[in-house]
Amino acid sequence: MKIVVAIKQVPARDSLLKVNSSGTWIEDADLAYEINEPDAYALEAGLQLKEKEGGEVVVLCAGPEGASQTIREALAKGADRAIHIENSGGNAVDPLSLSRAMAQALDGEKPDLVLTGLQSDDFGYGQTGVILAEVMGLPHATIIMNIEASGGTIKVKRELEDGWFQHVEMPLPALLTIQSGATKLRYATLMGIKKAKTKEVKKVSSAGLGSAAAPIRLEKIYMPEKTKRSQIFDGPPKEAAAQLVEKLRFEARVI
């Protein structure tokens with residue numbers, strides 16, 4: 001079974017984020033980076049399937065030259081090889097353009113299964129996986145907790161709301177977006193880190209993929225304002241409580 005896992009490099013979760021001077025993105029000169037957490041679970045799902053069914057795991061990553069560190073981390077955990085779409089534009093790529101570039105980079109690979117994280121930690125669109133499935137013409141399912149392969153089909157467990165789950169049988173090839181926390185993540189071993197240095201990383205220029213111009217553009221980002229405000233509710237306790245509930249429900253939106 002050939003499994004492609006799409007991963008993304010994002011700022012480390014404990015990073016102190018500051019908006020850059022132009023207000024278009026965060027100041028990234030001194031940031032540490034890591035693999036997007038939902039993508040790490042997608043990688044783990046792919047590696048577990050490989051251990052059960054055989055085959056290979058191919059990592060697909062779009063990002064700047066520095067993303068090679070994240071790619072090597074995935075290879076150290078057990079992926080067999082990687083495709084790196086070098087994108088000098090960094091994070092300024094919308095899901096549709098990214099999906100088109102990824103689909104073209106996979107032309108000729110003919111994977112049995114494509115796995116992505118449910119969403120990215122930086123933008124959180126939650127769209128790249130399902131758009132990629134549409135571009136590649138693959139059936140897809142989202143929020144996957146478990147995968148079982150059986151011949152030319154797979155059985156997946158989807159997480160719904162309020163503790164409900166859905167079990168779906170799908171034909172291969174297919175694309176799945178994996179939910180975080182679906183399984184326990186593995187660490188890269190010392191032997192895995194050594195082997196990663198010799199594994200193939202195919203580099204593809206995003207400029208050569210011929211993707212269309214981005215249909216959306218990030219104009220401005222800003223830190224949320226921190227404000228404090230006190231309000232006194234006069235009148236009988238019953239009326240004051242009703243006013244408080246109304247404020248919490250329709251203004252603060254916490255209930």
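The values are calculated or read from the model by the stated rules, or taken from the named source; none is laboratory data. None of the values given here were measured: they were computed from a predicted structure. Because the Cβ atoms are built from the backbone with ideal geometry, glycine has one as well, and the counts that use them run over all protein chains shown.
Within the range 1-20, how many residues are surrounded by 14 or more Cβ atoms within 10 Å (Cβ to Cβ) and touching a strand residue (DSSP E or B) at 6+ places or on another chain (Cβ under 8 Å)?
12
Do you know which residues across the range 159-183 are crowded, with 18+ Cβ neighbours inside 10 Å and assigned to a strand (DSSP E or B)?
Within the range 159-183, 170, 174, 175, 176, 177, 178 qualify.
Out of (1) out of contact with any helix residue (DSSP H, G or I) (no Cβ under 8 Å at 6 or more places or on another chain); (2) at pLDDT 95 or above, the odd one out for residue 56 is which?
Among (1) out of contact with any helix residue (DSSP H, G or I) (no Cβ under 8 Å at 6 or more places or on another chain); (2) at pLDDT 95 or above, the lone unmet condition for residue 56 is (1).
Filter the range 205-255 for residues that are closer than 30 Å to residue 20 by Cβ, of a type in the set (Asp, Glu) and at pLDDT 80 or above and give the result.
219
Report every pair of residues separated by at least 6 positions or lying on different chains whose Cβ atoms are under 6 Å apart, first residue within the range 141-163 and of a type in the set (Ser, Thr, Tyr), second surrounded by 13 or more Cβ atoms within 10 Å (Cβ to Cβ) and in a strand (DSSP E or B).
142/177
In the range 75-85, is there at least one residue being aliphatic (A, V, I, L, M), more than 16 Å from residue 105 (Cβ to Cβ) and surrounded by 20 or more Cβ atoms within 10 Å (Cβ to Cβ)?
yes
Please give the number of the condition residue 93 fails out of (1) at pLDDT below 95; (2) within 15 Å of residue 5 (Cβ to Cβ); (3) β-branched (Val, Ile, Thr).
Here residue 93 meets the rest and fails (2).
Of the residues 185, 218, 248, 176, which single one is out of contact with any Ser or Thr (no Cβ under 6 Å at 6 or more places or on another chain) and under 22 Å from residue 109 (Cβ atoms)?
Testing whether each residue is out of contact with any Ser or Thr (no Cβ under 6 Å at 6 or more places or on another chain) and under 22 Å from residue 109 (Cβ atoms) leaves just 176.
Please specify each residue of the range 118-151 satisfying the condition of being assigned to a loop (DSSP other than H, G, I, E, B) and either within 9 Å of residue 177 (Cβ to Cβ) or of a type outside the set (Asp, Glu) (or both).
Selection gives 118, 119, 120, 123, 124, 125, 126, 127, 137, 138, 139, 151.
For the range 48-71, enumerate the residues that are buried (at least 20 other Cβ atoms within 10 Å of the Cβ) and either among the aliphatic types (A, V, I, L, M) or farther than 19 Å from residue 103 by Cβ (or both).
49, 57, 58, 59, 60, 62, 67, 70, 71
If I filter the range 7-29 down to residues being within 18 Å of the chain's Cα centre (by Cα) and basic (Lys, Arg), which single residue comes out as modelled with the highest pLDDT?
Step by step, filter the range 7-29, then rank; the result is 8.
Among the residues of the range 21-41 satisfying the criterion of being within 21 Å of residue 195 (Cβ to Cβ) and in contact (Cβ under 8 Å) with a residue 60 or more places away in the chain, which is surrounded by the fewest Cβ atoms within 10 Å (Cβ to Cβ)?
So, considering only residues that are within 21 Å of residue 195 (Cβ to Cβ) and in contact (Cβ under 8 Å) with a residue 60 or more places away in the chain, the one surrounded by the fewest Cβ atoms within 10 Å (Cβ to Cβ) is 40.
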